[in-house]
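Chemist: Sending over a structure as structure tokens; questions will come in a sec.
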Amino acid sequence: MKTLDSLLLLSLLLFMGLYSCDHIYDDLDKKSSSEVTRSDCSDIGCTEQYEHIVVKLLHEDGTPVALDDYKVIRISDGRDITVKDESAFPLAQQWSTYTITNDSYRAEFQDKQVEVEFTGFIANKVVVQERYIIGADCCHVTYYSGNLNVVISEHKTSSVLLLKIDYLTNTFEGGAEIKLSRPVSNTDILPVIVDYKSPGDFGYIKLYYEPSDEMIFNGDIIWMGEGELKYPKTFKYADQFDRIITCAAIMPFSTNKVQPINMRVLPSMYPQELEDFMPIYNDIRNLKILEEYKSENKIGLLLYTPCVGIGDLAHWDWYMMFFK
């Protein structure tokens with residue numbers, strides 16, 4: 001009798017265990033299913049606004065950061081998910097506001113939290129790198145976390161000022177100021193590395209800031225054709241530079257002789273023996289920005305000739321560079 005009772009009890013316990021396990025697995029299946037099921041958006045009313053998630057970049061002095069390029073990758077698989085409208089990129093540089101993502105990824109990111117990394121470049125160097133958690137609901141992409149207002153530290157950094165002067169007329173045409181990641185050395189040596197290829201057919205002149213190998217100039221030189229200036233891409237027009245009304249020239253160098261003591265004339269297809277430096281300098285002599293560059297007695301002068309052989313000299317330009 002005891003044996004029969006024991007068998008009945010064992011059978012009951014086994015049945016209850018199997019029943020409980022079935023329910024556990026049913027619950028797990030239901031949970032997994034609910035995790036991958038998208039929200040029912042059939043009854044959701046959405047605005048027609050096309051949403052963007054953007055990051056604002058500023059220098060410490062509050063001026064905008066004009067990136068040369070940027071990319072956004074998904075951390076989980078390294079996939080490039082950069083959203084960039086090339087036609088609108090100059091405006092993004094002007095406002096220093098760059099897209100992390102937009103509603104083109106709404107369907108893909110719906111009901112997810114995706115970690116991404118934004119990387120910004122200037123002169124092929126990383127100047128900013130930030131991570132964000134983003135996603136999307138039934139209507140738009142959604143921001144969850146990450147710094148959307150980034151101040152780029154300028155501690156112990158430098159700048160190079162490139163001023164463009166027409167070869168034939170010596171007229172100032174514009175300029176570009178490039179932020180550099182490392183300070184200028186205290187020596188009198190111009191901190192520039194020159195990579196020059198003479199144009200058999202196609203050549204180039206590339207200039208790098210020596211302490212950090214950051215590019216500061218890159219231009220094609222083509223025989224019987226016309227090369228392209230690849231870097232810097234954007235210049236301020238001459239009339240965007242403030243001038244000081246004065247009879248005296250601003251002299252960011254140690255002498256006003258034929259050629260400044262610490263000026264280096266960089267190699268070009270047609271090496272120049274300057275008889276008088278001042279005609280080239282004359283139209284930039286009262287630019288207010290040169291006051292900021294008076295402390296560093298380093299000047300570079302480049303004659304950029306994008307077209308050689310039978311070329312149009314009207315396309316040639318002097319580029320004068322100052323460091324601070």
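The values are calculated or read from the model by the stated rules, or taken from the named source; none is laboratory data. Just so it is clear, the structure is predicted and the values come from calculations on it, not from any experiment. Positions of Cβ are generated from backbone atoms using ideal geometry, with glycine treated the same way; all protein chains shown enter the neighbour counts. Just so you know, the surface numbers come from the protein's heavy atoms only, side chains and all, with ligands and any DNA or RNA stripped out. Shrake-Rupley method; radii C 1.70, N 1.55, O 1.52, S 1.80 Å.
Chemist: Considering only the range 207-229, state which residues are within 15 Å of Asp317 (Cα to Cα) and free of Cβ contacts under 8 Å to residues at least 40 places away in the same chain.
Modeler: Asn218
Chemist: For the range 84-109, which positions are closer than 23 Å to Cys41 by Cβ and surrounded by fewer than 16 Cβ atoms within 10 Å (Cβ to Cβ)?
Modeler: Scanning the range 84-109 gives Ser104, Ala107, Glu108.
Chemist: Within the range 110-125, which residues are open to solvent by less than 40 Å² (accessible area, probe 1.4 Å), closer than 25 Å to Ser96 by Cβ and modelled with pLDDT of 90 or more?
Modeler: Val114, Val116, Glu117, Phe118, Thr119, Gly120
Chemist: Give the residues of the range 108-152 that are part of a loop (DSSP other than H, G, I, E, B) and under 18 Å from Tyr70 (Cα atoms), sorted by residue number.
Modeler: Ala123, Asn124, Gly146, Asn147, Leu148, listed by residue number.
Chemist: Output yes when any residue across the range 299-306 is closer than 16 Å to Ala238 by Cβ, at pLDDT 85 or above and not hydroxyl-bearing (Ser, Thr, Tyr), and no when none is.
Modeler: no
Chemist: Let me ask you something else. Can you say whether Phe172 is under 16 Å from the mean Cα position of the chain (by Cα) and either over 29 Å from Ser76 (Cβ atoms) or open to solvent by less than 10 Å² (accessible area, probe 1.4 Å) (or both), as far as the supplied structure shows?
Modeler: Considered against the rule, which asks whether it is under 16 Å from the mean Cα position of the chain (by Cα) and either over 29 Å from Ser76 (Cβ atoms) or open to solvent by less than 10 Å² (accessible area, probe 1.4 Å) (or both), Phe172 comes out as no.
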